[in-house]
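Structure first, then comments.
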Amino acid sequence: MFMPTTQLREISPAVRLENVRYAIRDLACVADEVSKQGHKILPLNIGDPNVFDFQTPPHLIEAVYKAMRENKNGYSPSSGIAPAVASIRDEAARKGITTIQDVFITSGVSETVDICLAALLNPGDNLLTPCPDYPLYSAVLAKLDVGLNTYYLDEEDGWQPDLDDIRKKITPRTRGIVLINPNNPTGSVCTRKMLEDVAELARQHNLIIFADEIYDKLILDEDAHIAMAAVAPDVPVITFGGLSKNYLAPGWRIGWGIASGEGFAIKPYLEGVNKLLRARLCANHPEQYAIPAALNGPQDHLVEVKRKLRSRRDLTMKWCNDTPRVSCVSPRGAFYAYPRVDIPEADDIFVTELIRQKHVVVVHGSGFGQRPGTKHFRIVFLPDEKTLSAAYSAIGDFLRERYH
Ligand code: PLP
């Protein structure tokens with residue numbers, strides 16, 4: 001019979017994990033509670049298109065199926081399979097990136113971020129990250145025991161990065177800057193001038209730029225996306241991209257990094273990146289065969305995806321403009337809106353009560369960061385118009401009932 005031993009004690013997690021938060025998934029616990037009580041949840045918190053009426057293009061699925069049938073089920077080279085790397089290079093060249101030094105494929109952009117930050121930062125260094133930001137960055141920094149150094153995105157300026165704030169925050173130990181463009185959670189898209197100005201700061205202070213461009217094909221207004229690395233061919237830049245959003249396959253966990261810039265400047269760092277790439281063997285192998293299919297094949301799905309997203313963005317903005325206490329900068333890319341809300345209590349209480357009382361799930365601004373004294377929540381406008389309308393009507397009722 002099993003006898004418990006008195007010698008066993010609690011196994012405690014590393015202290016540095018106290019700073020790891022991921023509000024988006026943490027809120028799911030409250031939603032689960034409400035769902036178990038039999039209520040239908042209106043999920044405006046999930047950035048996964050496949051949960052809604054979006055499907056992975058069939059030619060990508062065929063490519064992965066064929067690879068599996070052909071027994072491409074072993075390990076791949078650590079940087080990824082040759083045809084996929086070649087197609088990423090070609091795509092980067094089409095976007096005007098001319099100084100490519102390396103391309104590597106990872107298990108989602110999440111792993112690109114993990115590896116690129118781990119390969120760069122020593123204790124005491126810092127990395128500039130946006131506020132509000134996609135919380136993966138602060139989680140990885142916490143894991144590395146590296147402190148946060150955030151710069152504001154300026155709501156008054158359509159959520160463009162606040163250049164003065166960036167200038168103020170650069171210290172002798174600042175090693176790089178993260179720019180998420182199109183942005184999560186605001187949906188903003190950087191202007192060319194802004195990219196040029198950030199690149200100039202990087203030049204002056206010898207910073208590497210991590211250009212998270214995972215939403216680059218989801219530009220909702222007329223203008224095409226401008227790649228940071230195309231604007232700054234000399235500056236060390238790692239451009240992040242992947243299949244999760246543009247190609248509607250987040251569960252396949254395929255992302256990549258494109259390293260560009262002056263060779264002499266970036267190559268020593270890339271040796272570090274490659275060491276880590278080798279240490280974790282490789283990214284998901286058969287799924288890599290979807291990369292050339294995606295980048296070189298038909299792009300028809302994007303027309304339909306953008307049509308739906310524009311219609312849902314417009315519906316979202318109409319509601320924001322018509323609803324007392326709510327205001328919002330119109331998103332120009334991705335599928336997020338980050339409305340400001342004028343309420344007398346904290347936004348995490350607002351969001352928790354909204355789930356409990358109206359069963360609508362959005363994420364509170366304090367989960368992404370915001371200027372002191374301001375309150376926001378993030379909407380994912382992926383659900384269809386009927387679901388969005390029901391959710392917005394419920395949030396409107398909630399605001400009226402709770403705050404009069
Ligand atoms: N970067 C941003 C800005 C994101 O919004 C996300 C996912 O939502 C990721 C990276 C992670 O992407 P992946 O699914 O490729 O790991």
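Some observations on this one:
- Total residues in segment 92-120 satisfying the condition of being surrounded by fewer than 21 Cβ atoms within 10 Å (Cβ to Cβ) and either out of contact with any strand residue (DSSP E or B) (no Cβ under 6 Å at 6 or more places or on another chain) or at pLDDT below 95 (or both): the figure is 10.
- Screening Lys40 with (1) at pLDDT 95 or above; (2) exposed (fewer than 13 other Cβ atoms within 10 Å of the Cβ) gives one miss only, at (1).
- Figure legend. Inter-residue proximity from segment 389-404: first residues in contact (Cβ under 8 Å) with a residue 24 or more places away in the chain and under 14 Å from Trp319 (Cβ atoms), second residues of a type in the set (S, T, N, Q) and buried (at least 16 other Cβ atoms within 10 Å of the Cβ), beta-carbon distance below 9 Å, spacing 6+ or different chains. Indicated pairs: Tyr392/Thr316; Tyr392/Thr323; Ile395/Thr323; Gly396/Thr323; Leu399/Thr323.
- Out of Ser366, Ser389, sole residue that is of a type in the set (Ser, Thr, Tyr) and modelled with pLDDT under 95: Ser366
- Among the residues of segment 324-347, those identified as crowded, with 18+ Cβ neighbours inside 10 Å and either away from the ligand (no atom under 16 Å from the Cβ) or within 17 Å of Leu42 (Cβ to Cβ) (or both) are Val326, Cys328, Val329, Phe335, Tyr336, Ala337, Pro339, Arg340, Val341, Asp347.
- Some residue of segment 63-73 being in contact (Cβ under 8 Å) with a residue 12 or more places away in the chain and not in a helix (DSSP H, G or I): yes
- Counting residues in segment 66-77 that are within 16 Å of the ligand (Cβ to nearest atom) and surrounded by 13 or more Cβ atoms within 10 Å (Cβ to Cβ) gives zero.
- Scope segment 302-361; condition farther than 26 Å from Asp154 by Cα and among the hydrophobic types (A, V, I, L, M, F, W, C); matching residues: Leu302, Val303, Val305, Leu354, Ile355, Val360
- Checking each residue in segment 251-290 for being within 13 Å of the ligand (Cβ to nearest atom) and either hydroxyl-bearing (Ser, Thr, Tyr) or surrounded by fewer than 19 Cβ atoms within 10 Å (Cβ to Cβ) (or both) picks out Gly251, Arg253, Asn284.
- Segment 222-256, subset free of Cβ contacts under 8 Å to residues at least 60 places away in the same chain and among the small types (Gly, Ala, Ser), residue nearest to Tyr269 (Cα to Cα): Ala232
- For segment 78-121, the set of residues classified as of a type in the set (S, T, N, Q), in a helix (DSSP H, G or I) and either more than 13 Å from Trp256 (Cα to Cα) or within 16 Å of the ligand (Cβ to nearest atom) (or both) consists of Ser110, Thr112, listed by residue number.
- Some residue of segment 262-276 being touching a residue at least 24 places away in the same chain (Cβ under 8 Å), among the β-branched types (Val, Ile, Thr) and in contact with a Lys or Arg (Cβ under 8 Å, 6 or more places away or on another chain): no
- On inspection, Pro58 passes the criterion of being farther than 23 Å from Tyr336 by Cβ and either hydrophobic (A, V, I, L, M, F, W, C) or surrounded by fewer than 16 Cβ atoms within 10 Å (Cβ to Cβ) (or both).
- Only a single criterion out of (1) of a type in the set (A, V, I, L, M); (2) away from the ligand (no atom under 16 Å from the Cβ); (3) assigned to a helix (DSSP H, G or I); (4) surrounded by 14 or more Cβ atoms within 10 Å (Cβ to Cβ) is not satisfied by Val303, namely (4).
- Within segment 136-150, if we keep just the residues that are in a strand (DSSP E or B) and away from the ligand (no atom under 16 Å from the Cβ), the residue that is surrounded by the fewest Cβ atoms within 10 Å (Cβ to Cβ) turns out to be Leu148.
- Some residue of segment 125-132 being farther than 17 Å from Glu213 by Cα and more than 16 Å from the ligand (Cβ to nearest atom): yes
The values are calculated or read from the model by the stated rules, or taken from the named source; none is laboratory data. Source: prediction; values computed, not measured. Note that each Cβ is placed from the backbone with ideal geometry, even for glycine, and that neighbours are counted across all protein chains shown.
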